Amino acid sequence: MGVGIRAAGPGDRELVVRLLDEAFQDDPVSGWVFPGEEYRRATHHRLMAAFTDIVLADGRIDVTVDGAACALWLPVPAGDQEQEGDEGDDGKEDDGTDEAVRLREAVDPANERVEEIARLMAEAHPAGRAHEYLWMIGVTPDRQGDGLGSALIEHALRRCDRAGLPAYLEASSARSTKLYERLGFAFTGATLDLPDGGPRMWPMWREPRSREAAQPRSA
């Protein structure tokens, strides 16, 4: 039986924040941004809420109908202005640093790593071609390994293929790169290594597949 998937709306905000908070408590990147289990459990959800609000406003969140998993997708236009540098209200170029500062101030003002991770990911993000960005995918811990994450990604990749759009993500573990490779993603060739002994991330890119290439071949 297939996995039922629907688009989330504003009424799903609490569900999505809870799913992401639970799913990423033990993630190496979350552990670097919020070191210490007690501190992370008290603060991590604020960052997940900020991400959820951004994607509810500007992107798409897919959730399984049973509420056990979600995926956050953000459309990135061609010539991505944040990556190329655009002008702020004062006429100066904004390279994404201002957004990183605002994120830190909203989530955890004394935690410079919130700003740093946002800035580093923005700098590493490929610019030029329009694409869909898989920002986060979260599965409730007791359902991990059931194939829900793969189903959510495949659901969105079918949209990408219909639209002729590439997709991009950052894998936060070597293990997860294997899943993404099976779904057609390839390592871009340059890892993102977080400072101060932080974990490594693997940027990955997927070209859209033609309708013919996406169809399984009959024997």
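Could you grab me the full set of residues in segment 200-219 that are modelled with pLDDT of 95 or more and either more than 18 Å from Met136 (Cα to Cα) or assigned to a loop (DSSP other than H, G, I, E, B) (or both)?
Correct list: Glu207, Pro208.
Exactly one condition in (1) among the aliphatic types (A, V, I, L, M); (2) touching a His at 6+ places or on another chain (Cβ under 7 Å); (3) not in a loop (DSSP other than H, G, I, E, B) is false for Ala122; which is it?
Just one mismatch for Ala122, condition (2).
Give all pairs with beta carbons closer than 6 Å in which a residue from segment 50-73 that is under 13 Å from Ile153 (Cβ atoms) and at pLDDT 95 or above meets a residue that is crowded, with 22+ Cβ neighbours inside 10 Å and of a type in the set (Asp, Glu); count only pairs at least 6 apart in sequence or on separate chains.
Close Cβ pairs (under 6 Å, with a partner that is crowded, with 22+ Cβ neighbours inside 10 Å and of a type in the set (Asp, Glu)) amount to Trp73/Glu132.
With respect to Ala23, determine if the residue is farther than 19 Å from Glu115 by Cβ and either of a type in the set (S, T, N, Q) or surrounded by 15 or more Cβ atoms within 10 Å (Cβ to Cβ) (or both).
yes
Could you pull out the residue among Leu169, Leu134, Leu165 that is touching a residue at least 12 places away in the same chain (Cβ under 8 Å), under 26 Å from Ser210 (Cβ atoms), in contact with an Asp or Glu (Cβ under 9 Å, 6 or more places away or on another chain) and assigned to a strand (DSSP E or B)? Spell out the reasoning first.
Working: Leu169 fails: in contact with an Asp or Glu (Cβ under 9 Å, 6 or more places away or on another chain); Leu165 fails: assigned to a strand (DSSP E or B).
Just one listed residue meets the conditions, Leu134.
Looking only at residues in segment 26-56 that are outside any loop (DSSP other than H, G, I, E, B), farther than 21 Å from Glu170 by Cβ and not basic (Lys, Arg), which one is nearest to the chain's Cα centre (by Cα)?
Applying the filter and picking the extreme gives Thr43.
From Ala23, Ala7, grab the single residue that is over 26 Å from Ala174 (Cβ atoms) and either at pLDDT 95 or above or under 13 Å from the mean Cα position of the chain (by Cα) (or both).
Exactly one residue qualifies, and that residue is Ala7.
Which count do you get for residues in segment 122-156 that are at pLDDT below 95 and under 13 Å from Met204 (Cβ atoms)?
3
Determine whether segment 94-109 contains at least one residue that is more than 24 Å from Ala42 (Cα to Cα) and assigned to a loop (DSSP other than H, G, I, E, B).
Looking through segment 94-109, at least one residue is more than 24 Å from Ala42 (Cα to Cα) and assigned to a loop (DSSP other than H, G, I, E, B).
Would you check which residues across segment 148-175 are surrounded by 14 or more Cβ atoms within 10 Å (Cβ to Cβ) and within 23 Å of Asp66 (Cα to Cα) and list them?
Once the filter is applied, which keeps residues that are surrounded by 14 or more Cβ atoms within 10 Å (Cβ to Cβ) and within 23 Å of Asp66 (Cα to Cα), segment 148-175 yields Leu148, Gly149, Ser150, Ala151, Leu152, Ile153, Glu154, His155, Ala156, Leu157, Arg159.
Would you call Arg159 in contact with a helix residue (DSSP H, G or I) (Cβ under 7 Å, 6 or more places away or on another chain) and assigned to a helix (DSSP H, G or I)?
No.
Give me the residue from segment 172-183 that is in a loop (DSSP other than H, G, I, E, B) and closer than 14 Å to Met201 by Cα and, out of that set, farthest from the chain's Cα centre (by Cα).
Per the stated criteria, the residue is Ser173.
Quick check, is Glu14 over 22 Å from His155 (Cβ atoms), assigned to a helix (DSSP H, G or I) and at pLDDT 95 or above?
Yes.
The values are calculated or read from the model by the stated rules, or taken from the named source; none is laboratory data. The structure presented is a predicted model; accordingly, all values stated were derived computationally and were not measured. Using ideal geometry, Cβ is built from the backbone for each residue, glycine included, and neighbour counts are taken over all protein chains shown.
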